[in-house]
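All remarks here apply to the structure that follows.
The values are calculated or read from the model by the stated rules, or taken from the named source; none is laboratory data. Because the structure is a prediction, the values reported are computed rather than measured. Here the Cβ positions follow ideal geometry from the backbone for every residue, glycine too, while neighbour counts run over all protein chains shown. What goes into the accessible areas is simple: the full protein's heavy atoms, side chains included, and nothing from ligands, DNA or RNA. Shrake-Rupley method; radii C 1.70, N 1.55, O 1.52, S 1.80 Å.
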Amino acid sequence: MKLKISSAIISTLLLAGQASAITLYEDEQNKFDVGGVFVLDAFQPVWGEDDIFSATRSILNLGFERQLQDGWTLDAKFEWDQFLNNPTSGSSNFRNRLGYVTINNDELGSLRFGKQWSAYHDVARYMDNLIIIDPDATPIYSEGTDGGFAATGRGDNLVAYRYSNSGVNVSAHYGFTSNGESGSFEDENNQVQSDTVKRDYNYALSTSYDFDSGLSLGVAYLENKVEVAQASEVNGLEDGDKQTALTVGGQYVAGGLKVAAVYTKGENIHKAGLQGGPRAEWADANAVDVYAHYAFGSGLRPYAYASHVDFDGENGVDGDRQVYAVGLSYAFTPKTVLSFEAKRNELNEFSGEPGRTDNGGGFNFAYVF
């Protein structure tokens with residue numbers, strides 16, 4: 001017997017990083033949810049090489065909501081994940097994904113405080129669909145983490161306002177201080193020291209419109225000013241530099257079909273080079289990516305992705321990079337999904353280096369509880 005699952009449910013569950021929840025308690029004023037995802041995955045960055053990493057993890061979230069009076073509500077959400085082998089967090093395998101408190105009003109919108117999805121992500125999410133790799137041209141996770149420092153993804157230390165009415169969506173956030181990447185340098189005594197990039201301030205604005213037909217169009221702007229106290233630069237970022245992204249995009253969702261395209265003009269917001277390549281600096285670029293999938297009622301969902309990042313030559317970083325990915329997901333049940341994904345990276349004339357390519361891929365198994 002074929003499994004009948006709505007395409008909306010499939011599309012949501014296939015994003016393994018988005019944990020679901022069930023209601024444990026609810027009365028006229030209060031509501032308490034708990035939920036999460038168990039994820040088993042493995043990825044080989046380059047076919048034919050020995051490096052294989054696994055980010056097997058479990059995600060847990062707790063949600064609270066209280067109805068106040070005159071259309072006001074108060075909610076809070078906390079979410080963590082525990083890695084068995086985290087390739088990006090160093091010695092710590094426990095990570096806070098979300099932690100925020102929100103004040104909502106039916107007519108005025110919402111004000112949210114804490115670690116949360118950023119206002120920039122409200123438009124950039126059009127491209128936040130891949131299972132194994134991250135989108136490249138839309139710089140949601142350019143840091144190699146969750147986009148917390150630049151606040152392109154789950155931003156650290158944000159206060160955000162959101163308002164939606166009749167298809168119009170408006171959001172803005174301001175980000176307080178946060179720590180980013182660390183780098184090393186030699187002091188006046190030729191001793192190796194370390195320095196950490198800090199956030200001076202961060203803000204983003206976005207607006208979008210959702211048509212009844214399933215088409216959504218949006219634009220977002222983000223600016224992240226950094227501080228580098230001692231080193232001359234850390235991975236291309238100098239004291240007082242700004243990371244900026246102007247992103248314009250759209251998506252069309254109808255039945256099981258989703259198609260999305262996004263363009264970003266970025267300053268110091270894209271990482272240059274291939275994974276393990278000659279440079280790992282932040283750089284200026286013009287970038288575009290496209291994505292499409294179709295979720296069948298049987299539980300199958302094939303998808304494809306392509307991106308092009310053109311580095312503009314600032315600070316000697318030029319050339320271009322393409323990423324191509326294809327995948328296939330299958331939902332055995334509404335809460336059990338297996339995905340396979342393959343990718344190809346191409347780097348052309350990058351800062352005088354010969355062109356390079358690599359191919360890789362992996363699998364992801366997600367169980368929603």
Residue check, SER307 hydroxyl-bearing (Ser, Thr, Tyr), out of contact with any Pro (no Cβ under 6 Å at 6 or more places or on another chain) and under 15 Å from ALA137 (Cβ atoms) = yes
Taking the stretch 312-335 and keeping residues open to solvent by less than 30 Å² (accessible area, probe 1.4 Å) and modelled with pLDDT of 90 or more leaves ARG321, GLN322, VAL323, ALA325, GLY327, SER329, ALA331
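Residue by residue, here is whether (1) within 17 Å of LEU205 (Cβ to Cβ); (2) free of Cβ contacts under 8 Å to residues at least 12 places away in the same chain; (3) assigned to a loop (DSSP other than H, G, I, E, B) holds:
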| position | (1), (2), (3) |
| --- | --- |
| GLU107 | no, no, yes |
| ARG112 | yes, no, no |
| ASP136 | no, no, yes |
| PRO139 | yes, no, yes |
Look at the stretch 207-226 and say how many of its residues are open to solvent by 70 Å² or more (accessible area, probe 1.4 Å) and aliphatic (A, V, I, L, M).
-> 1
From ALA229, ALA254, which residue is aliphatic (A, V, I, L, M), surrounded by fewer than 20 Cβ atoms within 10 Å (Cβ to Cβ) and over 22 Å from HIS121 (Cα atoms)?
-> ALA229
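For every residue, the table says whether it meets (1) part of a strand (DSSP E or B); (2) of a type in the set (Gly, Ala, Ser).
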residue: THR264; (1), (2): yes, no
residue: GLU267; (1), (2): yes, no
residue: ALA292; (1), (2): yes, yes
residue: GLY297; (1), (2): no, yes
residue: ASN315; (1), (2): no, no
residue: GLN322; (1), (2): yes, no
residue: PHE365; (1), (2): yes, no
If you take the residues of the stretch 68-86 that are open to solvent by less than 70 Å² (accessible area, probe 1.4 Å) and closer than 19 Å to ALA42 by Cα, which of them is modelled with the highest pLDDT?
-> ASP81
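Table: residues versus (1) at pLDDT below 90; (2) in contact with a Ser or Thr (Cβ under 6 Å, 6 or more places away or on another chain); (3) not basic (Lys, Arg).
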position	(1), (2), (3)
ASP195	yes, no, yes
ASN202	no, no, yes
LEU215	no, no, yes
ALA229	yes, no, yes
GLY236	yes, no, yes
THR264	no, yes, yes
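Here's the yes/no breakdown for (1) open to solvent by less than 30 Å² (accessible area, probe 1.4 Å); (2) within 16 Å of TRP282 (Cβ to Cβ):
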{"site": "ASP134", "(1), (2)": "no, yes"}
{"site": "ALA137", "(1), (2)": "yes, yes"}
{"site": "GLY144", "(1), (2)": "no, yes"}
{"site": "GLY148", "(1), (2)": "yes, yes"}
{"site": "ASN157", "(1), (2)": "no, no"}
{"site": "ARG162", "(1), (2)": "no, no"}
{"site": "SER166", "(1), (2)": "no, no"}
{"site": "TYR174", "(1), (2)": "no, no"}
{"site": "THR177", "(1), (2)": "no, no"}
Conditions (1) at pLDDT below 90; (2) not in a loop (DSSP other than H, G, I, E, B) -> LYS31 fails only (1)
